[in-house]
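Participant: After the structure tokens below, expect a handful of questions from me.
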Amino acid sequence: MIKHIMDVSHHQGSIDWEKVKKSGLVDGVIIRVGFGRNRVTQDDREFLRNVTECIRMNIPFGAYIYSYAKTEEDAKSEAAHVRRLLNPYKSYMSYPVYYDLEQKGTEKSAVKNAIVFGDILENAGYWVGIYANQYWWNTYLKNDLDRFTKWIARYSINPPTISGKYAMWQYTSKASIPGVKGNVDMSYCYRDFPAIIRK
């Protein structure tokens with residue numbers, strides 16, 4: 001069964017999670033932790049509210065961090081950023097932690113840094129995934145990150161075309177969901193992560 005997954009950050013403002021739940025349009029949520037290195041100033045300012053509301057409303061969730069990493073030390077700091085914010089909520093998570101790779105200037109080191117990030121988070125007991133658009137997968141990442149679950153962005157009626165399997169396809173950035181002001185990203189999920197992660 002395909003699940004419908006919404007991803008959110010402070011760009012969606014203060015979400016009415018009761019309306020989201022009541023709509024029946026969202027099976028799970030990927031919440032932005034923040035971006036870049038482990039600094040409080042780079043935490044997503046809606047993260048805490050989003051994660052606690054998903055727990056309160058019993059909405060399955062995972063998380064993502066937008067990477068700016070150019071060095072191994074950057075990647076380690078981004079992993080620490082995720083752990084600092086997610087560790088209190090780890091036992092509630094039903095979806096992976098995704099490493100968002102799309103920042104211009106990080107292309108050459110993206111694979112190496114994703115492995116550094118993934119090793120740290122997996123050793124801490126998290127499921128780790130990689131998010132990138134179709135162009136990044138085909139041009140920079142290729143098959144070098146196949147050990148991680150993949151989340152592909154392609155805004156089209158046509159599914160992504162990449163080498164290897166993927167578990168999620170972000171197909172639009174312009175979905176309309178009750179309780180969310182303005183547009184929001186939506187993805188199809190082809191894997192039952194809650195059954196795997198929460199077993």
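Participant: Report Rg(Cα)/(2.2 N^0.38 Å) for the stretch 41-89, keeping two decimals.
Facilitator: Cα Rg divided by the expected 2.2 N^0.38 Å: 1.28.
Participant: What does the helix-only formula give at 222 nm for the chain: each DSSP H stretch with n ≥ 4 adding -39500 (n - 2.57), the total divided by the residues, and the result rounded to the nearest 500 deg cm²/dmol?
Facilitator: Per the formula, -7500 deg cm²/dmol.
Participant: Can you find, among LEU141, TYR64, ILE115, the residue farthest towards the positive end of the dipole of the chain? Put +1 on the C-beta of Lys and Arg, -1 on that of Asp and Glu.
Facilitator: Of LEU141, TYR64, ILE115, it is TYR64.
Participant: Also, I was wondering about something else. Based on the alpha-carbon set only, what is the convex hull volume of the chain divided per residue, in Å³?
Facilitator: Spread over its residues, the Cα hull of the chain gives 113 Å³ apiece.
Participant: Continuing with the same structure: Normalised by the number of residues in the stretch 14-82, what is the relative contact order in percent for Cα pairs under 8 Å and 6+ residues apart?
Facilitator: Once divided by the residue count of the stretch 14-82, the mean separation gives 41 percent.
Participant: What is the antiparallel percent of DSSP beta bridges lying wholly in the chain, to the nearest 5?
Facilitator: Among the beta bridges of the chain, antiparallel pairing accounts for roughly 30 percent.
Participant: Take each of the peptides 159-167, 178-186, average the number of other beta-carbon atoms within 10 Å over its residues, and list them starting from the highest.
Facilitator: Taking the mean over residues of other Cβ atoms within 10 Å, the ranking is 178-186, 159-167.
Participant: Using square roots of five times the C-alpha gyration tensor eigenvalues, list the equivalent-ellipsoid semi-axes of the stretch 82-125 in whole Å, biggest first.
Facilitator: With the √(5λ) rule applied to the stretch 82-125, the semi-axes are 23, 11, 8 Å.
Participant: Run through the stretch 1-109 and list the trypsin sites (Lys or Arg not before Pro) located in a DSSP loop whose Cβ has at most 16 other Cβ atoms within 10 Å.
Facilitator: Listed in order of number, the matching sites are ARG39, ARG45, LYS70, LYS104.
Participant: Note the full-extension length gain between VAL111 and ASN123 as 0.36 nm times their separation in residues minus their Cα-Cα distance, in nm to one decimal.
Facilitator: 2.5 nm
Participant: Taking the Cα centre of the chain as the origin, how large is its charge dipole in debye, to the nearest 20, when only Lys and Arg (+1) and Asp and Glu (-1) carry charge on their Cβ atoms?
Facilitator: Result for the chain is approximately 240 debye, rounded to the nearest 20.
Participant: Sort LEU48, LEU145 by accessible area with a 1.4 Å probe, largest first.
Facilitator: I get LEU48, LEU145, largest accessible area first.
Participant: Right, something else. Keeping every protein chain present and rolling a 1.4 Å probe, give me the accessible area per residue for the chain in Å².
Facilitator: Result: 48 Å² per residue.
Participant: Same structure again: What is the gain in length, in nm to one decimal, between SER173 and LYS19 on full extension, counting 0.36 nm per residue of separation less the C-alpha to C-alpha distance?
Facilitator: 53.5 nm
Participant: Additional query: Within the stretch 1-128, how many Lys pairs that are eight or more residues apart, or on different chains, come under 28 Å at the alpha-carbon?
Facilitator: Counting lysine pairs in the stretch 1-128 gives 17.
The values are calculated or read from the model by the stated rules, or taken from the named source; none is laboratory data. Only a predicted model underlies this, so the values are computations on that prediction, with no experimental measurement involved. We place every Cβ from the backbone using ideal geometry, glycine too, and count neighbours over all the protein chains shown. Remember, those area values only see protein heavy atoms, side chains included, never the ligands or the DNA or RNA. Shrake-Rupley method; radii C 1.70, N 1.55, O 1.52, S 1.80 Å.
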